[in-house]
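A quick write-up on the structure given underneath.
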Amino acid sequence: MSARSIRLWSVIHKWTSLLCTLFLLVICLTGLPLIFREEIGDWLNDDPPYAAMPPDTPMASLDGMAAQGLHRYPGQIVTSIFVDDDEPKVLVFMAPSWRAFIDDPRSRHWLKFDARTARLLHDSDPMSKGGPDFLTLMLRLHTDLFAGLPGSLFLGAMGCVFVAALVSGVVLYAPFMRRLPFGTVRARRSRRLRWLDLHNLLGVVAAAWMLTLGLTGVLNELTMPLFALWQNTDVRAMLHRWQGEAPPTGADLSSPDAAFRAVKAALPGMEVVSLVYPGSPFGTPFHYVLWAKGTTPLTSRLFSPVLVDARTGALTAVMRMPWYLRALELSRPLHFGDYGGMPLKIIWASLDIATIVVLGSGLYLWLKRGRIPMESQRPGNETISMQEAPVRTAAE
Amino acid sequence: MTPPAIGRPAVWRWPIAIAMLTVFGLFAALLGQGGVWLWLSWAALAFPLAVILACLSRSGKAGRQGR
């Protein structure tokens, strides 16, 4: 690589790194507890335990659980029902009205039921009441800095900058390291050189993982625009034939239980995990939207939306997800690291810590940069070692 | 000045091997059906961590011997 190329890549590495380091540090630090969100959630949960019942006990009536919610909150609406596939839990989400929900999604609250007995285990406050809990705080800082869509898009842009910093860092690795054995950390040299070697070692060893997390993170930040695109194209086209009809209201709604059964019969081997009521901004005005998924490690990440006519209860369509939403679904496990049990989570956390060290050491190298003339930074120049020159250029 | 071509591939030997193992590990648990694929995924993704620890341990020993 010519000295000119090294200088160019060094400038790219320096500025992209400086631009994204602070935000990436926030993302990495908040991501650490999020790796263990299920375990932390269980630990913080003080709800009554589920009833001890045989594992094959059938699910209680969803209609009954929705009716319990409506009885408890007269005049309110059910917005969706979530059926957990991991524990016997059903969540019934409610809101004062669709208008209130659309104006402020945090007006929602939820009731947690034992899925087999339909016993109410928890009645939440509206999400707008009180501050966020620990995991919500971490998640919001990780995904949108409490700024909604603009925050998501900003962090997505920072993710792109991080990917550019990674690529330029990898390009600069060879000029740095070609005269050193792989993995050298010169412990007997200056502190700055030691951190430089550590930065190079951790950076190159974790590069593929960091690149994967960076790219999948960017894709995840595009969740809202991608779903909006799908709703405004495929879903809108599909709803064309209902145009002009009056949407069903509470009294017109068919049974959610029947909708669940219809979808399970139409998609054998798949699990139905949620039902969105008609009128929701995440659904259609005329249908229950049921989300079904497979049961293997891969297919359990791929969701299929099924539309059931909310008035008649007839299955309307199993929709095909567009490629960009399939890509988004595939990117999620690769970002969350939640598909290989606790050992994978521990590996994820360790690589996250390695990334924090790479970011921190990069910042340290920049803060401790020396005053070295550009001429002496060229590879092969005697005034500065080959291993040090490009790194100094990058850090400055 | 362009450095000699000899030695260039050697610089990339370990990083490329680690990157390939990482990609294999990332997809083994996702595309495999549990069981042995899960173990292979854990082993492949733990390898970069083992390399970091080995290099740091080697450096620590060299540092102590130099004092």
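Derivation of every value follows stated rules applied to the coordinates shown; laboratory data play no part. Please read all numbers here as calculations on a predicted model, not as lab measurements. Here the Cβ positions follow ideal geometry from the backbone for every residue, glycine too, while neighbour counts run over all protein chains shown.
Among A:Asp352, A:Asp86, rank each residue by its count of other Cβ atoms within 10 Å, from fewest to most, as a rough exposure measure.
The fewest-first ordering by Cβ neighbours comes to A:Asp86, A:Asp352.
What does the charge dipole of the stretch A:187-329 about its Cα centre add up to, to the nearest 20 debye, if the Cβ of each Lys and Arg holds +1 and the Cβ of each Asp and Glu holds -1?
In debye, rounded to 20, the stretch A:187-329 gives about 960.
Over the Cα atoms of the stretch A:12-51, what radius of gyration and what Dmax do you get, in Å?
17.5, 58
Round to the nearest 0.05 the FRET efficiency obtained for A:Thr249 and A:Ile346 when R0 = 60 Å and r is the Cβ-Cβ distance.
Calculated transfer efficiency: 0.75.
With an 8 Å cut-off on Cα pairs and a minimum separation of 6 or more residues, tell me the relative contact order of chain A in percent.
Value for chain A: 21 percent.
For the stretch A:118-206, take the alpha-carbon Rg, divide it by the Kirkwood Rh, and send me Rg/Rh.
My calculation puts Rg/Rh at 1.27.
Hey, quick one: spin label on A:Phe227, modelled 7 Å out along Cα-Cβ, who in the stretch A:282-300 has an amide N within reach, i.e. under 19 Å?
Within reach of a label on A:Phe227, which here means backbone N under 19 Å from a point 7 Å along Cα→Cβ, the stretch A:282-300 contributes A:282-294, A:300.
Which residue, chosen from A:Phe82, B:Trp12, B:Thr22, occupies the Cα position most advanced towards the positive end of the dipole of the protein assembly as shown, where the dipole is computed from +1 (Lys, Arg) and -1 (Asp, Glu) charges on Cβ about the Cα centre?
My answer, from the dipole projection, is B:Trp12.
Please rank A:Thr312, A:Thr117, A:Thr212, B:Thr22, fewest neighbouring Cβ atoms within 10 Å first, as an exposure proxy.
A:Thr312, A:Thr117, A:Thr212, B:Thr22
Provide the gained length on full extension for the span A:His122 to A:Ala258, in nm with one decimal, where the gain is 0.36 nm per separating residue minus the Cα-Cα distance.
This chain segment gains 46.4 nm when fully extended.
Report, in degrees rounded to the nearest 10, the 0 to 90 angle that the Cα long axis of helix A:191-205 makes with the longest principal axis of chain A.
50 degrees
Please list, short to long, the whole-number percent of alpha-carbon pairs of the protein assembly as shown in consecutive 10 angstrom bins beginning at zero.
4, 17, 25, 22, 14, 10, 6, 2, 0
Quick one: Kirkwood hydrodynamic radius for the stretch A:179-249, alpha-carbon pairs, angstrom, one decimal?
Mean inverse Cα-Cα distance, inverted, gives 17.1 Å.
Quick one: dipole size for the stretch A:83-234, taken about the Cα centre, charges +1 on Lys/Arg Cβ and -1 on Asp/Glu Cβ, in debye to the nearest 20.
1280 debye
Going by the alpha-carbon gyration tensor, a ≥ b ≥ c the square roots of its eigenvalues, is the stretch A:256-312 rounded (a/c under 1.5) or, if a/c is not under 1.5, prolate (a/b greater than b/c) versus oblate?
Oblate.
Compute the Rg to Rh ratio over the stretch A:79-158 from the alpha carbon atoms, using the Kirkwood formula for Rh, and round to two decimal places.
For the stretch A:79-158, the value is 1.05.
Share of Cα-Cα pairs in the stretch A:213-322 beyond 18 Å, in percent?
Tail of P(r) above 18 Å: 52 percent of Cα pairs.
Rg and Dmax in Å for the stretch A:289-343, alpha carbons only: what are they?
For the stretch A:289-343, the Cα radius of gyration and maximum Cα-Cα distance read 14.0, 47 Å.
Please list, or write none, the lysines whose alpha carbon is within less than 19 Å of the alpha carbon of A:Lys89, excluding same-chain residues fewer than 8 places away.
A:Lys112, A:Lys264, A:Lys293
Which whole number in µm²/s is D for the stretch A:14-120 by Stokes-Einstein, with the Kirkwood Rh taken over Cα pairs at 4 °C and 1.567 mPa s?
77 µm²/s
Can you tell which of A:Leu32, A:Ala157, A:His142 lies farthest toward the positive end of the dipole of chain A, using +1 and -1 charges on the Cβ of basic and acidic side chains (Lys, Arg; Asp, Glu)?
A:Ala157
Among A:Leu334, A:Leu180, A:Leu196, whose mean-square fluctuation peaks in a Gaussian network model of chain A (Cα, cutoff 10 Å)?
Highest fluctuation of the listed residues: A:Leu180.
Taking a cut-off of 27 Å between Cα atoms, list the lysines near A:Lys14, but don't count ones fewer than 8 places away on the same chain.
A:Lys14 reaches A:Lys368.
Nothing charged except the Cβ atoms of Lys and Arg (+1) and of Asp and Glu (-1): what's the magnitude of the dipole of the protein assembly as shown about its Cα centre? Round to the nearest 20 debye.
2900 debye
Determine, for A:Tyr288, A:Tyr364, A:Tyr173, A:Tyr277, the number of other Cβ atoms within 10 Å of each Cβ, and report the residues in order from fewest to most.
Fewest-to-most Cβ neighbours within 10 Å comes out as A:Tyr364, A:Tyr173, A:Tyr277, A:Tyr288.
Per residue of chain A, what 222 nm ellipticity follows from adding -39500 (n - 2.57) for every DSSP H run with n ≥ 4, rounded to the nearest 500?
-16000 deg cm²/dmol
How much space per residue, in cubic angstrom, does the convex hull of the C-alpha atoms of the stretch A:139-289 take up?
195 Å³
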